[in-house]
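The values are calculated or read from the model by the stated rules, or taken from the named source; none is laboratory data. Given the structure is predicted, the values throughout are model-derived calculations rather than measurements. We place every Cβ from the backbone using ideal geometry, glycine too, and count neighbours over all the protein chains shown.
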């Protein structure tokens with residue numbers, strides 16, 4: 001019965017697209033977090049806008065948008081007890097202050113990595129209460145195509161005194177939260193494995209639904225439209241009021257999916273920060289094997 005309801009809702013969503021009517025089933029405002037490259041360029045010279053390049057420092061040194069500051073993945077994570085965990089409040093405060101970012105700054109982020117690192121920084125800032133954050137769809141490649149100015153020069157930065165809010169735990173799933181869903185599944189909660197088919201087949205958290213994070217983007221690296229994201233996840237069975245807990249190997253790819261869903265109007269979202277590395281480390285926890293075939297993982301972005 002629930003599947004029939006979901007399919008009916010999907011039909012209604014698609015119908016509303018053609019009628020140019022907003023979908024009232026999604027309580028969250030849509031299209032607020034992801035902007036296209038042209039919109040980003042229009043923001044770059046506005047007062048109080050800080051452009052953040054989320055590439056690795058080596059890539060930043062080769063080419064970055066003029067006046068952008070670098071905040072790489074390594075700046076916003078800690079690696080104990082497992083890799084790529086959310087950094088503590090004090091680390092984020094020191095980082096933001098050193099990059100000249102104030103609490104009232106408009107932060108515009110881009111990367112060159114399928115929107116993964118931009119999304120992870122977006123999620124981190126949201127967790128610590130910075131509301132005015134935008135991600136450039138398609139990142140560096142899209143900005144170049146839209147005519148952005150690039151340089152190798154590092155801008156002069158005036159340090160600030162950034163004060164983060166307390167961590168918003170509603171945006172985070174712990175291992176205990178995931179255990180609870182595995183042991184006593186709730187119909188209105190979906191575990192989403194955002195890794196590749198090969199990784200999923202080699203072992204996943206029981207009851208997880210596979211939705212590879214690359215399905216959120218087009219061939220050119222830009223995010224798919226709100227309507228396409230809504231339709232895709234409704235087809236997987238994720239209703240607007242459901243809770244989604246997403247993860248990958250270390251929840252960098254998971255953050256990219258989190259952003260796609262939030263931007264599409266989903267609001268009950270949690271990122272399992274410990275992710276597959278934490279779950280698989282504990283040999284007492286169950287692992288589902290959709291395919292017993294052994295595979296070799298060659299992806300470069302298996303974070």
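Anything in the range 125-153 that is surrounded by 13 or more Cβ atoms within 10 Å (Cβ to Cβ) and without any contact (Cβ under 8 Å) to a residue 60 or more places away in the chain? List them, or say none. Result: 125, 126, 127, 128, 129, 130, 132, 144. Within the range 270-285, can you find the residues that are over 21 Å from residue 258 (Cβ atoms) and either in contact with a helix residue (DSSP H, G or I) (Cβ under 8 Å, 6 or more places away or on another chain) or not in a helix (DSSP H, G or I) (or both)? Passing the criteria: 282, 283, 284, 285.
As a summary of the residue check, residue 292 satisfies the conditions (1) surrounded by 12 or more Cβ atoms within 10 Å (Cβ to Cβ); (2) at pLDDT below 90 except for the one numbered (1). If the condition is being closer than 20 Å to residue 271 by Cα and assigned to a loop (DSSP other than H, G, I, E, B), then the range 52-95 contributes 54, 72, 76, 79, 80, 81, 82, 83, 84, 87, 88. If you go through the range 78-90 and keep only what is buried (at least 16 other Cβ atoms within 10 Å of the Cβ) and either over 18 Å from the mean Cα position of the chain (by Cα) or free of Cβ contacts under 8 Å to residues at least 24 places away in the same chain (or both), you end up with 82, 89. Of all the listed residues (147, 237, 221), the sole one being in a loop (DSSP other than H, G, I, E, B) and in the same structural domain as residue 100 (by TED's automatic domain parsing) is 147. Considered as a group, the residues in the range 53-66 that are crowded, with 17+ Cβ neighbours inside 10 Å and in contact (Cβ under 8 Å) with a residue 24 or more places away in the chain include one that is farthest from residue 101 (Cα to Cα), and that residue is 59.
The criterion of being more than 25 Å from residue 242 (Cα to Cα), touching a strand residue (DSSP E or B) at 6+ places or on another chain (Cβ under 9 Å) and outside any helix (DSSP H, G or I) holds for residue 157. All conditions but one from (1) farther than 30 Å from residue 145 by Cα; (2) surrounded by fewer than 23 Cβ atoms within 10 Å (Cβ to Cβ); (3) touching a residue at least 12 places away in the same chain (Cβ under 8 Å) apply to residue 272; the one that does not is (2). Being under 21 Å from residue 37 (Cβ atoms) and surrounded by fewer than 18 Cβ atoms within 10 Å (Cβ to Cβ) is the filter here; which residues of the range 225-241 pass it? Selection gives 225, 227, 228. For the range 25-52, filtered to residues that are more than 20 Å from residue 263 (Cβ to Cβ) and touching a residue at least 60 places away in the same chain (Cβ under 8 Å), the residue that is surrounded by the fewest Cβ atoms within 10 Å (Cβ to Cβ) is 46. Just one of (1) part of a strand (DSSP E or B); (2) closer than 25 Å to residue 219 by Cβ fails for residue 41. It is (1).
Quick grid of which residues meet (1) without any contact (Cβ under 8 Å) to a residue 40 or more places away in the chain; (2) more than 18 Å from the chain's Cα centre (by Cα):
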site	(1), (2)
180	yes, yes
190	no, no
194	no, no
202	no, yes
216	no, no
223	no, no
230	no, no
234	no, yes
